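Read through the structure below, which is laid out as C-alpha cells, and then see the notes.
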C-alpha cells in the first residue's frame, strides 16, 4: 500500500478521528481533564454492551475449542497485542490451566511488550509466520486484536489461521461494515474517537480488555473452573494465593480456617478437591472419580456424591 493510500485509509478510521469534546484538553485544568477522561470512559461499557451477541458467539467457539483440547491464540500489535499476551499470561494462575492453552503473540515478539518495535506489524507474512510456528490446526481459535481493523500483521495471522482450518475471531474498535477480512465472529465495540487523537491505548484498549476478560473468564466458567463466583483451580504460587485458597474453601464449605488448611493438605494443594473434601467428608480419590465423571464441575460432582449416599 502506498503512503498516500495508507493516509486515506487511516483518515476513515474512527480510532484516528479527532474528538470534538477534547479540542481544549491542552489548556484544561487537571480536574477538568480528569472529568473528561472519566466521561469518555463511560462510553466504553455501552459500546461493549452493543456487541454482546457477538461476544457470546466467540465464547462458544473458545469453550468448544478447549473441550476439544484446542487453544485460544491471540495475535495483535502494539497495545492490542500486549493485552492479548496479558490475558494469556493470567489464565494459568487464575484457572490452573496449562500455559499452552491460551497463547499471546505480539508483532515484534516479547521485546515489544516493553518497547515499541516499529515496522514489524506492517507485514502480514510476520503474522502468518507466528501462526505457522504454533502449528495452528482445526481445533484452535485465533483471535486477531487490532483497534484499527487494518493492521497487516493481524490480517496475515487471521488468513493463515483460516487456511489451517482454525476458527477465527477479531476484536476491533471500528464499525463492523468496514472490516477488511473474513472471520467467524467479529466483535466491534466502537467507543468513539480518543481524547488524544489516535491514542488507542485509551478507550479502544479499555474496550478490548473488557471483551477479553469476558471471553476467557466465561469460557473457563463453562469448563467448571469456577464454583459459585469463586476461582477453584487457581495455582498456589505464592503466600497470598495460598491464603486466598483457604478463604475460598472456608466460604464454599462453611468451615474454619484450620479445617480449610487441613482439607487443602489432604487434597494435595488442589482447591477444588479440598472443597469437595470439606463438603462431603470424603477423600481426594473420591473427588477425582466424581470430578472426572462430571467434566470437572464441582457442584455436579457434589450432587452426584449426595445421590449416591442416599
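Some points to look at:
- Candidates 253, 107, 166: whichever shows maximal mean-square fluctuation once the chain is modelled as a Gaussian network with Cα springs under 10 Å: 253
- Where only DSSP H runs of four or more residues are counted, the chain gives -16500 deg cm²/dmol as its mean residue ellipticity at 222 nm, each run worth -39500 (n - 2.57).
- Over the C-alpha trace of the range 227-309, radius of gyration and Dmax come out as 11.7, 37 angstrom.
- Reciprocal mean inverse distance between Cα atoms of the range 11-151 - Kirkwood radius, Å: 17.4 Å
- Note on the chain: Cα convex hull, mean projected area over all directions, 19.0 nm².
- Note on the range 231-259 and the range 14-85: Cα centroid distance 32 Å, given to the nearest whole angstrom.
- Fraction of beta bridges assigned by DSSP in the chain that are antiparallel (%, nearest 5): 10 percent
- Extension gain, residue 201 back to residue 235 (0.36 nm per residue minus Cα-Cα distance, nm): 9.2 nm
- Working from label points 7 Å from Cα in the Cα-to-Cβ sense, the residue 300 to residue 180 distance is 4.4 nm.
- Averaged over residues, the count of other Cβ atoms within 10 Å places the peptides 37-43, 156-162, 261-267 in the sequence 156-162, 261-267, 37-43, highest first.
- Order by protection proxy (mean Cβ within 10 Å, highest first), peptides 304-310, 284-290: 284-290, 304-310
None of the figures in this text is laboratory data; all of them are computed from the coordinates on show. Here the structure is a predicted model, which is why all the values come from computation and not from measurement. All Cβ positions, even for glycine, are placed from backbone atoms using ideal geometry, and neighbour counts span all protein chains on display.
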